[in-house]
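Trainee: The structure under discussion is supplied below as C-alpha coordinates; questions concerning it will follow.
The values are calculated or read from the model by the stated rules, or taken from the named source; none is laboratory data. Since the structure is predicted, the reported quantities are computational estimates derived from the model, not experimental observations. Reconstructed Cβ throughout: ideal geometry from the backbone, glycine too, with neighbour counts over all protein chains shown. Areas reflect the complete protein model, heavy atoms only, side chains present, ligands, DNA and RNA absent. Shrake-Rupley method; radii C 1.70, N 1.55, O 1.52, S 1.80 Å.
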Amino acid sequence: MSRIGKAPIRLPAGVKVELHDHRVTAKGPLGELSRVIPAAMQVEIGEEEIVVKRPSESKLHRSLHGLTRTLIANLVQGVSEGFVKVLELYGVGFRVQQQGSRLTCQLGFSHPVVFDLPEGISVEIETFVPTSENEYLSTRLTLRGIDKELLGQTAARIKAAKKPEPYKGKGFRYQGERILRKAGKAAQATA
(Lines give C-alpha, C1' and ligand atoms only; values in the text may rest on other atoms or scores of the structure.)
Protein backbone atom coordinates (compact mmCIF):
# COMPACT_ATOMS: atom_id res chain seq x y z
CA MET A 1 0.00 0.00 0.00
CA SER A 2 1.30 3.43 -0.88
CA ARG A 3 2.29 5.37 2.23
CA ILE A 4 1.26 8.62 0.57
CA GLY A 5 -1.89 7.22 -1.01
CA LYS A 6 -3.31 5.63 2.14
CA ALA A 7 -2.93 8.80 4.25
CA PRO A 8 -6.30 10.57 4.63
CA ILE A 9 -6.60 14.23 3.61
CA ARG A 10 -7.88 16.38 6.48
CA LEU A 11 -10.43 19.03 5.51
CA PRO A 12 -9.82 22.39 7.23
CA ALA A 13 -12.76 24.47 8.40
CA GLY A 14 -14.44 26.37 5.58
CA VAL A 15 -13.30 24.03 2.78
CA LYS A 16 -15.85 22.09 0.76
CA VAL A 17 -14.87 19.35 -1.70
CA GLU A 18 -17.18 17.86 -4.34
CA LEU A 19 -16.71 15.07 -6.90
CA HIS A 20 -18.64 15.04 -10.21
CA ASP A 21 -17.66 12.87 -13.19
CA HIS A 22 -14.04 12.39 -12.04
CA ARG A 23 -13.62 16.14 -11.47
CA VAL A 24 -12.74 17.19 -7.93
CA THR A 25 -13.73 20.75 -7.01
CA ALA A 26 -12.47 22.42 -3.84
CA LYS A 27 -13.94 25.68 -2.53
CA GLY A 28 -12.39 27.59 0.33
CA PRO A 29 -11.66 31.03 1.74
CA LEU A 30 -9.00 31.80 -0.91
CA GLY A 31 -10.97 30.69 -3.97
CA GLU A 32 -12.02 27.68 -6.00
CA LEU A 33 -9.93 25.06 -7.83
CA SER A 34 -10.87 21.95 -9.77
CA ARG A 35 -8.99 19.10 -11.38
CA VAL A 36 -9.79 15.94 -13.30
CA ILE A 37 -8.50 12.81 -11.56
CA PRO A 38 -7.92 9.35 -13.07
CA ALA A 39 -11.19 7.47 -13.53
CA ALA A 40 -9.87 4.28 -11.92
CA MET A 41 -9.28 5.87 -8.49
CA GLN A 42 -12.05 5.76 -5.88
CA VAL A 43 -12.46 8.92 -3.81
CA GLU A 44 -14.53 8.87 -0.61
CA ILE A 45 -15.39 12.33 0.69
CA GLY A 46 -16.39 12.44 4.36
CA GLU A 47 -17.22 15.24 6.77
CA GLU A 48 -13.67 15.78 8.03
CA GLU A 49 -11.43 13.83 5.66
CA ILE A 50 -11.01 12.45 2.15
CA VAL A 51 -9.73 8.94 1.47
CA VAL A 52 -8.39 7.76 -1.91
CA LYS A 53 -8.52 4.01 -2.67
CA ARG A 54 -7.25 1.99 -5.60
CA PRO A 55 -9.25 -0.82 -7.20
CA SER A 56 -6.39 -3.32 -7.66
CA GLU A 57 -2.70 -3.91 -7.05
CA SER A 58 -1.71 -3.45 -10.71
CA LYS A 59 1.34 -1.33 -11.42
CA LEU A 60 -0.76 1.42 -13.05
CA HIS A 61 -3.18 1.66 -10.11
CA ARG A 62 -0.32 1.67 -7.59
CA SER A 63 1.36 4.54 -9.43
CA LEU A 64 -1.88 6.56 -9.69
CA HIS A 65 -2.81 6.06 -6.02
CA GLY A 66 -0.27 8.42 -4.44
CA LEU A 67 -0.50 10.87 -7.34
CA THR A 68 -4.27 11.23 -7.02
CA ARG A 69 -4.08 11.71 -3.26
CA THR A 70 -1.37 14.40 -3.65
CA LEU A 71 -3.31 16.27 -6.36
CA ILE A 72 -6.41 16.42 -4.16
CA ALA A 73 -4.34 17.45 -1.11
CA ASN A 74 -2.81 20.31 -3.16
CA LEU A 75 -6.30 21.53 -4.09
CA VAL A 76 -7.36 21.52 -0.44
CA GLN A 77 -4.21 23.28 0.77
CA GLY A 78 -4.39 25.82 -2.07
CA VAL A 79 -7.93 27.01 -1.31
CA SER A 80 -7.32 27.05 2.46
CA GLU A 81 -3.75 28.37 2.90
CA GLY A 82 -2.26 29.00 -0.56
CA PHE A 83 1.32 28.41 -1.69
CA VAL A 84 4.45 30.58 -1.65
CA LYS A 85 7.65 30.46 -3.74
CA VAL A 86 10.53 32.83 -3.00
CA LEU A 87 13.07 33.78 -5.68
CA GLU A 88 16.22 35.74 -4.90
CA LEU A 89 18.04 37.79 -7.52
CA TYR A 90 21.79 38.07 -7.05
CA GLY A 91 23.85 40.54 -9.06
CA VAL A 92 25.01 44.13 -8.84
CA GLY A 93 22.78 46.33 -10.98
CA PHE A 94 20.08 43.67 -11.49
CA ARG A 95 16.59 45.07 -10.86
CA VAL A 96 12.96 43.98 -10.98
CA GLN A 97 9.99 46.36 -11.23
CA GLN A 98 6.30 45.57 -11.16
CA GLN A 99 3.72 47.42 -13.24
CA GLY A 100 0.31 45.87 -12.63
CA SER A 101 0.57 42.19 -13.54
CA ARG A 102 3.81 42.66 -15.47
CA LEU A 103 7.38 42.23 -14.21
CA THR A 104 10.19 44.13 -15.93
CA CYS A 105 13.64 42.72 -15.14
CA GLN A 106 17.00 44.38 -15.81
CA LEU A 107 19.34 41.37 -15.88
CA GLY A 108 22.46 42.68 -17.58
CA PHE A 109 21.17 42.13 -21.11
CA SER A 110 20.89 44.87 -23.73
CA HIS A 111 17.10 44.80 -23.27
CA PRO A 112 14.73 44.42 -20.32
CA VAL A 113 13.09 41.01 -19.85
CA VAL A 114 9.31 41.30 -19.42
CA PHE A 115 7.05 38.70 -17.76
CA ASP A 116 3.27 38.76 -17.75
CA LEU A 117 2.09 37.16 -14.52
CA PRO A 118 -0.81 34.75 -14.98
CA GLU A 119 -4.12 35.46 -13.28
CA GLY A 120 -4.11 34.17 -9.72
CA ILE A 121 -0.39 34.80 -9.09
CA SER A 122 0.65 37.82 -7.02
CA VAL A 123 4.18 39.04 -6.35
CA GLU A 124 5.83 41.09 -3.62
CA ILE A 125 9.20 42.66 -4.41
CA GLU A 126 11.71 43.43 -1.67
CA THR A 127 14.85 45.38 -2.62
CA PHE A 128 18.13 45.19 -0.69
CA VAL A 129 21.01 47.60 -0.33
CA PRO A 130 24.30 45.68 -0.76
CA THR A 131 26.18 45.09 2.50
CA SER A 132 29.08 42.81 3.38
CA GLU A 133 26.74 39.92 4.31
CA ASN A 134 24.48 40.20 1.22
CA GLU A 135 27.04 41.51 -1.23
CA TYR A 136 25.27 40.38 -4.40
CA LEU A 137 21.65 39.97 -3.19
CA SER A 138 19.67 42.76 -4.81
CA THR A 139 16.02 41.67 -4.87
CA ARG A 140 13.71 39.07 -3.34
CA LEU A 141 10.47 38.11 -5.13
CA THR A 142 7.74 36.40 -3.13
CA LEU A 143 5.24 34.71 -5.45
CA ARG A 144 1.87 33.67 -3.99
CA GLY A 145 -1.01 31.70 -5.48
CA ILE A 146 -3.57 29.00 -4.79
CA ASP A 147 -2.61 26.74 -7.73
CA LYS A 148 0.64 24.95 -6.87
CA GLU A 149 1.33 23.84 -10.45
CA LEU A 150 0.82 27.30 -11.95
CA LEU A 151 2.93 28.89 -9.20
CA GLY A 152 5.82 26.47 -9.82
CA GLN A 153 5.68 27.01 -13.60
CA THR A 154 5.69 30.80 -13.17
CA ALA A 155 8.67 30.69 -10.78
CA ALA A 156 10.57 28.39 -13.17
CA ARG A 157 9.90 30.72 -16.13
CA ILE A 158 11.23 33.71 -14.18
CA LYS A 159 14.29 31.77 -13.00
CA ALA A 160 15.04 30.58 -16.57
CA ALA A 161 15.53 34.19 -17.70
CA LYS A 162 18.83 34.39 -15.78
CA LYS A 163 20.00 31.14 -14.22
CA PRO A 164 22.75 31.47 -11.60
CA GLU A 165 26.17 31.39 -13.21
CA PRO A 166 28.81 29.18 -11.53
CA TYR A 167 31.51 31.77 -10.78
CA LYS A 168 29.83 34.49 -8.73
CA GLY A 169 26.34 32.97 -8.52
CA LYS A 170 24.62 35.92 -10.21
CA GLY A 171 21.07 35.33 -11.39
CA PHE A 172 17.76 34.06 -9.99
CA ARG A 173 17.69 31.23 -7.47
CA TYR A 174 15.12 29.78 -5.12
CA GLN A 175 15.46 30.78 -1.48
CA GLY A 176 17.80 28.34 0.24
CA GLU A 177 19.12 26.89 -3.05
CA ARG A 178 22.85 26.23 -3.03
CA ILE A 179 24.86 26.92 -6.16
CA LEU A 180 27.96 24.86 -6.92
CA ARG A 181 30.67 27.43 -7.44
CA LYS A 182 33.73 27.07 -9.68
CA ALA A 183 37.13 28.60 -9.10
CA GLY A 184 37.97 31.35 -11.57
CA LYS A 185 41.12 31.66 -13.69
CA ALA A 186 42.97 33.59 -10.98
CA ALA A 187 42.35 30.86 -8.39
CA GLN A 188 43.48 28.16 -10.80
CA ALA A 189 46.68 30.02 -11.72
CA THR A 190 47.83 30.31 -8.08
CA ALA A 191 47.20 26.62 -7.40
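Trainee: Step through the residues of the stretch 92-98 one at a time and calculate ³J(HN,Hα) from phi using the Karplus curve (6.51 cos²θ - 1.76 cosθ + 1.60, θ = phi - 60°), rounding each to whole Hz and writing x for Gly and Pro.
Mentor: Each residue's phi maps through the Karplus curve to give 6, x, 7, 9, 9, 10, 10 Hz.
Trainee: Also, I was wondering about something else. Would you list which lysines come within 25 Å of LYS159, measuring only between C-alpha atoms, while excluding same-chain residues fewer than 8 positions from it?
Mentor: LYS85, LYS148, LYS168, LYS170, LYS182
Trainee: Taking the Cα centre of each part, how many Å lie between the stretch 25-43 and the stretch 149-191?
Mentor: Cα centroid of the stretch 25-43 versus Cα centroid of the stretch 149-191: 36 Å apart.
Trainee: Using the Karplus curve 6.51 cos²θ - 1.76 cosθ + 1.60 with θ = phi - 60°, what ³J(HN,Hα) values do you get for each residue of the stretch 107-119, in whole Hz, with x for Gly and Pro?
Mentor: 10, x, 8, 6, 9, x, 9, 10, 10, 9, 6, x, 5
Trainee: Grab the beta carbon distance between SER110 and LYS168, set R0 = 22 Å, and tell me the FRET efficiency rounded to 0.05. Present the calculation step by step, with values, prior to reporting the outcome.
Mentor: On the way: r = 20 Å, r/R0 = 0.92.
Efficiency at R0 = 22 Å is approximately 0.65.
Trainee: State which stretch of the chain is the longest one without any exposed chymotrypsin sites (Phe, Trp or Tyr not before Pro), exposure meaning a DSSP loop state and at most 16 other Cβ atoms within 10 Å.
Mentor: 1-108
Trainee: Per-residue accessible area for GLU81 at 1.4 Å probe radius, Å² rounded to 10?
Mentor: Accessible area, nearest 10 Å²: 130 Å².
Trainee: Quick one: putting +1 on the C-beta of Lys and Arg, -1 on the C-beta of Asp and Glu, what dipole do you get for the chain around its Cα centre, in Debye to the nearest 20?
Mentor: Values: 29 positive and 20 negative charges, 190 e Å.
For the chain, the charge dipole is close to 920 debye.
Trainee: From the P(r) of the stretch 141-191, could you give the percentage of C-alpha pairs in the tail past 14 Å?
Mentor: Numbers: 788 of 1275 pairs.
Of all Cα-Cα distances in the stretch 141-191, 62 percent exceed 14 Å.
Trainee: To make sure I understand the rule: partners must be aspartates and glutamates, Cα under 12 Å from the Cα of LYS53, and not fewer than 8 residues away in the same chain. Which ones qualify?
Mentor: GLU44
Trainee: Rounded to the nearest angstrom and ordered from largest down, what semi-axes does the equivalent ellipsoid of the chain get from its C-alpha gyration tensor (root of 5λ)?
Mentor: Taking √(5λ) for each Cα gyration eigenvalue gives 41, 21, 14 Å.
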